[in-house]
Amino acid sequence: MTSVTRKRAGKSKDIIKKDGKTFFEFTDRTTAFDGIKKDEFPHKGEVCCRLSTYWFEIMEREGIPTHFRAFVPPNIMEVEYLEIIPIEVIWRNFVAGSMLKRYELGENPKTGIEPRLGARIPDGTIEFTTKFEEKDRLIDEQEIIDSGWLTHQELDYIRGCTRRINEIMSRHLLEKGIILADFKIEFGKDAEGDILLADEVGTPDGCRFWDQNSYKQGVIESLDKDVYRYEKGDLSDVYLRIYRRICE
Ligand code: 5GP
């Protein structure tokens, strides 16, 4: 007899367990601002599943271990079951989003950077937030160690891995005239305690993509969830457009 269970994994994906295997179903659910804004958009789940598949396969070829096992068209992915590390890892190449907000509040998230939307962060910067609290809260490396979530060695691995993921994605995207302004990723541990890239990667839900030509002309043209967050366009149109630019 087959047993199937389904539950929510995050705000936009469902996790399905079937015959001892684990699957992510990418849905059309869309949320922003810690779930305050909610909607559904056609094609969104499929675009994010196909794009994650595209990037996970590239990461595996580049020697970065991931939880990806198989793509089940159109919007399901088989994954290895992991114990998720309760932090979100953010890499930033340009000032935007919550980093810009911190500058506007008079904080100084990183010294030596121009506090304006679109300013480049030389050599990039990494940040960590909590994952399972009601609101994502910025945490420092000491809190991660003190909470027992990671050892120094594991944190070093995640830092190095995130830097490489940035280099790989940025290089591929620039060939297609797209700037990777920032992104969020997650990691988990397998049964052996090895750290694998988890969740999704390289989607317009978890990255800021900017059109490079527009940027050169001083305009930020978002090709990601910022069009929904700040009501700058139709999410389904933009997601299909970025999917085609990256994958076709
Ligand atoms: P920010 O902290 O500036 O709002 O976001 C930084 C990066 O992380 C952006 O690329 C944003 O899309 C991504 N990000 C932040 N929070 C979430 C989240 O809850 N889910 C996903 N998928 N991405 C997020």
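The values are calculated or read from the model by the stated rules, or taken from the named source; none is laboratory data. Predicted model, so just to flag it, every value in this text is computed and none were measured. Counting neighbours? That spans all protein chains shown, and the Cβs are built from the backbone with ideal geometry, glycine included. Just the protein is used for accessible areas: all its heavy atoms, side chains included, with ligands, DNA and RNA removed. Shrake-Rupley method; radii C 1.70, N 1.55, O 1.52, S 1.80 Å.
Of the peptides 58-65, 180-187, 218-225, the order by per-residue mean of other Cβ atoms within 10 Å, starting with the highest, comes out as 180-187, 218-225, 58-65.
Its residue count N sets the reference 2.2 N^0.38 Å, and the alpha-carbon radius of gyration of the chain equals 0.99 times that reference. Among the listed pairs LYS135/LYS176; LYS11/LYS110; LYS44/LYS110; LYS7/LYS135, which have their C-alpha atoms separated by more than 28 angstrom in this model? Exceeds cut-off: LYS135/LYS176; LYS11/LYS110; LYS44/LYS110. Across ASP190, ASP28, the residue with the most accessible area heads the list, and the full order at a 1.4 Å probe is ASP28, ASP190. A 1.4 Å probe over all protein chains sorts HIS43, HIS67 by accessible area into HIS43, HIS67, starting with the largest. Look at the dipole of the chain built from charges on Cβ: of LEU223, GLY233, ILE58, the Cα furthest out on the positive end belongs to GLY233.
Under a model in which nothing but the beta-carbon of Lys, Arg (+1) and Asp, Glu (-1) is charged, the chain shows a dipole of about 640 debye around its Cα centre. When you restrict to C-alpha pairs under 8 Å that are six or more residues apart and normalise by the size of the range 94-248, the relative contact order lands at 13 percent. Long hydrophobic helices in the chain, taken as whole DSSP H segments with a C-alpha length of 20 Å or more on their own axis and mean Kyte-Doolittle hydropathy at least -0.5: 44-61.
For ASP28, the residues whose modelled amide H falls within less than 5 Å of its own, excluding neighbours fewer than 5 places apart on the same chain, are GLY45. The 3J(HN,Hα) values that the Karplus relation (6.51, -1.76, 1.60; θ = phi - 60°) gives for the range 199-213 are, in residue order, 6, 10, 9, x, 9, x, 6, x, 9, 9, 10, 10, 5, 5, 4 Hz. Gly and Pro appear as x. In sequence order, the range 116-124 has phi-based couplings of 9, 4, x, 5, 6, 9, x, 6, x Hz under the Karplus curve 6.51 cos²θ - 1.76 cosθ + 1.60, θ = phi - 60°, and Gly or Pro positions carry x. Once the 1.4 Å probe is applied to the protein heavy atoms, the range 5-79 comes out at 49 Å² accessible per residue. Note that the range 5-79 carries a Kirkwood radius of 13.1 Å, evaluated over its alpha carbons pair by pair. Ligands, DNA and RNA left out, the accessible area of the chain computed with a 1.4 Å probe is 48% carbon and sulfur. When only alpha carbons are used to place a centre, the range 174-248 and the range 1-24 end up 25 Å from one another.
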